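Data block below; observations after.
The values are calculated or read from the model by the stated rules, or taken from the named source; none is laboratory data. In this text the structure is predicted, and so the values were computed from the model without any measurement. Methodologically, a virtual Cβ is constructed for each residue, glycine included, from the backbone with ideal geometry; neighbour enumeration extends over all protein chains shown. SASA here: full protein model, heavy atoms, side chains in, ligands and nucleic acids out. Shrake-Rupley method; radii C 1.70, N 1.55, O 1.52, S 1.80 Å.
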Amino acid sequence: MGEIRQKLIYFTLFLVLLFLIPAQMEAASEDEVKMVKMHESRITNLQPLMVPEKISRFYYDSGLEFTYPDAVRGIYVTGPVAGGSRFQEILDLVENTDLNAMVIDVKEDNGNLTFRPEEGSPYEEFAHNYISEPREMLELLEEKGIYPIARIVVFKDTLLAEKRPDLSFTKDGQVWKNGRQEAFVSPYQKEVWEYNVEIAKMAAELGFQDIQFDYVRFPEGFEKRDEILTYSEGDYANSDLNGIKKRVEAVTDFVKYAKSELEYYDVDVSVDIFGYSATIEETPGIGQNFTKISENVDVISSMIYPSHWTAYFGIDFPDKEPYRLVTEYSKVENEVLGKLENPPTSRPWIQDFEAPWLYTGPATEYGIAEVEAQIKALNENGIEEFLIWNPVNRYTPGVDYTPLD
């Protein structure tokens with residue numbers, strides 16, 4: 001502290017001399033001139049004051065404290081289950097196994113919120129009161145040491161599309177819907193970005209530690225529909241990029257925007273992505289580029305359910321060979337992420353459900369052996385984190401979630 005004070009004194013003296021020297025130098029004695037030059041020399045040789053490389057930042061404090069697990073091992077939980085009588089069953093499963101996290105719906109596939117926001121909120125009309133006390137739910141998870149992840153479905157949003165067709169894709173004046181009667185809003189529309197990120201901020205303020213964005217993409221097969229659908233390209237309308245590159249840019253820009261906007265909340269940002277996107281440069285229709293998205297998130301969650309692959313990696317029927325499918329995928333993902341300077345954490349989605357739509361006879365059952373095979377394949381390839389999907393939250397009992405230990 002004394003050294004800094006001394007340097008400040010020298011600096012003050014230098015400023016005084018700077019104004020006095022021109023007026024006084026001519027009449028000064030030889031000794032006085034020597035004294036002035038001595039002070040100038042001392043000031044010139046001063047070392048600069050050290051400024052810390054990192055300045056402490058202020059983050060939003062939700063009032064809850066969660067410790068990041070040794071590796072996230074989580075399950076998917078719908079809003080009705082999280083806010084209903086079956087939640088205790090899910091809690092018991094996590095507490096009595098090596099699971100340690102839950103991915104809980106905050107915004108569902110059709111656009112509904114799973115809890116009531118404050119009165120007057122622009123999201124109030126799209127909210128269901130499935131989770132009547134979301135803060136109390138998170139406090140319970142904090143008490144039990146269960147890591148909470150908020151799932152927010154972004155561009156698949158039938159409710160918003162029907163309310164605001166101008167933000168969606170239309171055909172013959174009507175909101176376009178896919179074969180499952182689902183509508184999408186456009187990734188080109190920055191108003192849609194803001195709409196979803198504000199929901200993410202609400203989740204962070206409640207205490208969620210990770211914001212997981214799902215359906216960060218255009219509708220499947222969009223490359224076959226972009227000429228027949230009517231929609232605005234917003235700020236991308238004057239881009240010189242072709243349709244594929246333009247879609248990739250819009251999706252990637254949304255991810256960058258979300259990451260930037262959520263920085264103040266000190267939460268991880270994760271994105272769900274089709275597993276096959278890691279095996280190609282970029283998807284032609286839906287706008288997902290595995291590398292570009294991975295460069296802008298904390299966690300990448302590839303959906304690698306064996307049932308979701310056609311013949312791939314030389315495997316004729318992936319749903320029948322979960323270990324082999326996950327092994328081959330993991331090799332590809334490791335190679336892609338290994339080329340990044342700051343790769344995100346890999347936390348893939350794996351399967352704990354049957355896929356009868358793939359079979360003419362009985363479907364391959366997914367039980368202990370099939371679930372453990374997927375986890376084993378990930379672990380053998382250095383991927384320690386995973387999430388397990390079952391759409392109705394009925395998970396196989398008796399699974400060893402750390403089969404290599």
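Laid out as a table, the results:
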item: Surface/4 of the Cα convex hull for the chain, nm²; result: 30.3 nm²
item: MRE, 222 nm, helices only [DSSP H, n ≥ 4, -39500 (n - 2.57), over the chain, to nearest 500]; result: -11000 deg cm²/dmol
item: Reference-scaled alpha-carbon Rg (2.2 N^0.38 Å with N residues) for region 271-385; result: 1.06
item: Whole-percent carbon and sulfur share, accessible surface of the chain, 1.4 Å; result: 50 percent
item: Residue-normalised accessible area of the chain, expressed per residue, 1.4 Å probe, Å²; result: 50 Å²
item: Proximal aspartates and glutamates to LYS144, defined as alpha-carbon separation beneath 18 angstrom and excluding residues fewer than eight positions away on the same chain; result: GLU65, ASP70, GLU89, ASP92, GLU95, ASP98, GLU133, GLU136, ASP210
item: Region 77-220: relative contact order as a whole-number percent, Cα under 8 Å and 6+ apart; result: 24 percent
item: Percentage relative contact order, region 97-181, counting C-alpha pairs under 8 Å, at least six apart; result: 32 percent
item: 0 to 90° range, to nearest 10: angle between helix 322-338 axis and the chain longest Cα axis; result: 20 degrees
item: Two-site label geometry, ALA355 and SER132: point separation in nm, points 7 Å out along Cα→Cβ; result: 4.0 nm
item: Residues whose placed amide H lies under 5 Å from that of TRP349, excluding near-sequence neighbours; result: SER302, MET303, ILE304, LEU387
item: Qualifying aspartates and glutamates (Cα of each under 18 Å from Cα of LYS171; at least 8 residues distant if same chain); result: ASP157, GLU162, GLU182, GLU220, GLU223, ASP226, GLU227, GLU233
item: Accessible surface of LEU206 - all protein chains present, 1.4 Å probe, nearest 10 Å²; result: 30 Å²
item: Inter-centroid distance (Cα atoms) of region 186-237 relative to region 327-405, Å; result: 27 Å
item: Cut-off 18 Å, label 7 Å out along Cα→Cβ of GLU281, residues of region 236-274 by amide N; result: 240-252
item: Near-label residues of region 185-227 by backbone N, under 13 Å of a point 7 Å along Cα→Cβ of SER260; result: 194
item: Cα long-axis angle, helix 368-380 against the chain (0 to 90 degrees, to the nearest 10); result: 30 degrees
item: Those lysines that a straight Cα-Cα span of less than 23 Å connects to LYS107, excepting residues fewer than 8 apart in one chain; result: LYS156, LYS163, LYS177, LYS190, LYS201, LYS256, LYS259
item: Principal-axis tilt of helix 134-144 within the chain, Cα atoms, nearest 10 degrees; result: 80 degrees
item: Using θ = phi - 60° and Karplus 6.51 cos²θ - 1.76 cosθ + 1.60, couplings along region 205-212 (whole Hz; Gly, Pro as x); result: 5, 5, x, 4, 9, 9, 9, 9
item: Theoretical FRET efficiency, 1/(1+(r/R0)^6), r = Cβ-Cβ of LEU241 and ALA369, R0 60 Å, to 0.05; result: 0.80
item: Built amide H within the under 5 Å cut-off of GLU295, gap 5+; result: none
item: Pair VAL392, SER232: separation of 7 Å Cα→Cβ label points (nm); result: 4.2 nm
